1. Run down LEU227, LEU232 and say which single residue is buried (at least 17 other Cβ atoms within 10 Å of the Cβ), in contact with a His (Cβ under 6 Å, 6 or more places away or on another chain) and not in a loop (DSSP other than H, G, I, E, B).
2. In this structure, is VAL33 assigned to a loop (DSSP other than H, G, I, E, B) and touching a helix residue (DSSP H, G or I) at 6+ places or on another chain (Cβ under 6 Å)?
3. Take the residues in the stretch 205-223 that are assigned to a loop (DSSP other than H, G, I, E, B) and open to solvent by 50 Å² or more (accessible area, probe 1.4 Å); name whichever of them is nearest to ALA107 (Cα to Cα).
4. Report every pair of residues separated by at least 6 positions or lying on different chains whose Cβ atoms are under 6 Å apart, first residue within the stretch 61-83 and at positive phi, second modelled with pLDDT under 95 and part of a helix (DSSP H, G or I).
5. Given the conditions (1) more than 13 Å from the chain's Cα centre (by Cα); (2) modelled with pLDDT of 95 or more; (3) open to solvent by less than 10 Å² (accessible area, probe 1.4 Å); (4) closer than 23 Å to ASP312 by Cβ, and given that PRO296 satisfies all but one, which numbered condition is not satisfied?
6. Take residues that are open to solvent by 30 Å² or more (accessible area, probe 1.4 Å) and modelled with pLDDT under 85 and tell me which of the helices (runs of 4 or more DSSP H) falling wholly in the stretch 95-201 contain 3 or more.
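The values are calculated or read from the model by the stated rules, or taken from the named source; none is laboratory data. Remember, it's a predicted structure, so these values are computed and weren't measured experimentally. Counting neighbours? That spans all protein chains shown, and the Cβs are built from the backbone with ideal geometry, glycine included. The area values use the complete protein model at the heavy-atom level, side chains included, leaving out ligands, DNA and RNA. Shrake-Rupley method; radii C 1.70, N 1.55, O 1.52, S 1.80 Å.
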Amino acid sequence: MTNQQPQMEALTELVSVLRKVSKKKPRNKTANVRIDDKWKYNSKFETVVAIPNELFDHLLDLEDNKVLKNSHSHVAFAYMFLQTWLYRYAKYDQYVPTVADIKQLLAFTADEKRINYIIKKDGVLDKEGITETTQDFPVLVTWEDKIGLKNDFPTIETLTDIFPEHMEFKDMLKERKISGKLTCKKPLYLYEREDMEEGILKCADRTTQIDIRAFDFCMEHVEDLGLTGFFLYSYIVYMDGIFENGFDASIERLSKELMMSKNTITKYRDALRAYGMIELKHNNAYFNSNDTMLAPTNIPNEWWRFKDEKGDYLKFGSPEQKAHAWNNPMEYESERRKFTKNVDEIKTNGIAITELDLPF
C-alpha cells in the first residue's frame, strides 16, 4: 500500500490537470468566410461601392485622437465598406449576417472582442454619426419608379405598411430568418453627408469607388494583405482620383498621412505590387546621386489585373547593387530586361523601386 500511495497521488494530480484543461474554451480559429459563401451578386451592377472621400480623414482623425486604437482605422474602414455594400444592394434578402459572420469576413475570429467598441450599438461608428444600428432592413433595391419609390431601399417596415396582407413577403422574411432580434448597420452617408449635403445615393461627387472583389481579394490573401493592405490600396485609389497627373508619394509621405511606420508601408505596398494591385512609376530616367530624386507615382489597378500568386517587380537587392547601378546605367539596363518588361513599357510605366532606392 505504501508503494502505491505515490502512484495514486500522481494519478489524482494528472486527472485534476486534465479536468482543468478540458474546461478551457478551445481557441476559435479564423474561419475562411468569403463573400461568395453567403451572397450571390450581379457582377455588372452590384460590385462597386462608393465611399465618401471624407471618411478617410474622419477615421484617421479618430485614430490620431485615440478614439480608435492603433491601426483600427483600417478595421473601421473595411467594416464600413462591407456594410455599405450589404445595405446599398439590399443583400439581406439573401442572408442576414450575424456579428460573428462580419468579424470572420474581416478575417477575425468569430469571438473576437477587441473591435466590439467600434461596431457595437452606440459604439464609435454610431456615436460619430457614421452608422445607425437598426432592425429595419432594406430587402429590395428599386431602380425605377415602382410603388412610389425611385432608386431607394424599401425596408421591412415600409413594405409591411404597403403590403400588410402580402403573405409571400412575410414568408420571405421568415425563410431568411429576419426577425426583430436581428440588426443591421445603416451607413448614414448614403442619405446625408458630414457637410449636410445630400447623401451619395443622389450625388456621388467626391467619392471613391472600389470594387467588392478588391476587398474579397485582400481577405483571400489575408496573410500578405488583409485589412491593412485593403486600406492602403483604397487610399491610393482615393488619392489617384484627386490628382490629375497621378498620386506621387514616397514611403515617408504615406507613413505620415496614414500614421503607419515606414516598415509597415514598405511591407504592404510591396505586397500590393507583388499581387498586381498597384504599380509604381519611377519618375527619374535613371539613378544619379547628384540629381534630386522624385517620388514615385502610385498607380492602382482594377481587380481584373490582380494576380492570384505573387509575381516579380523590379527592385534592387542591396546598397552595393544600387551604387553599382548609379555608376553603370547601361549594365543596370541589361539587368532590368530580365524582368520581361520591354523598352516601350518601361517608357510608359517607369521603373519600379523600393524605399531603399530613394533618399527620402
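1. Numbers: LEU232 fails: in contact with a His (Cβ under 6 Å, 6 or more places away or on another chain).
Every option except LEU227 fails the conditions.
2. On the way: assigned to a loop (DSSP other than H, G, I, E, B): yes; touching a helix residue (DSSP H, G or I) at 6+ places or on another chain (Cβ under 6 Å): yes.
Against the criterion (assigned to a loop (DSSP other than H, G, I, E, B) and touching a helix residue (DSSP H, G or I) at 6+ places or on another chain (Cβ under 6 Å)), VAL33 qualifies.
3. Here is the first cut: in the stretch 205-223, the residues assigned to a loop (DSSP other than H, G, I, E, B) are 205-206, 221-223.
Still in the running and open to solvent by 50 Å² or more (accessible area, probe 1.4 Å): 205-206, 222-223.
On the way: ASP205: 31, ARG206: 29, VAL222: 7, GLU223: 10 Å.
Among residues in the stretch 205-223 that are assigned to a loop (DSSP other than H, G, I, E, B) and open to solvent by 50 Å² or more (accessible area, probe 1.4 Å), the one nearest to ALA107 (Cα to Cα) is VAL222.
4. Filtered contacts from the stretch 61-83: no entries.
5. (2)
6. Working: elements: 99-105, 116-119, 124-127, 156-162, 167-175.
Helices (runs of 4 or more DSSP H) meeting the threshold: 156-162, 167-175.
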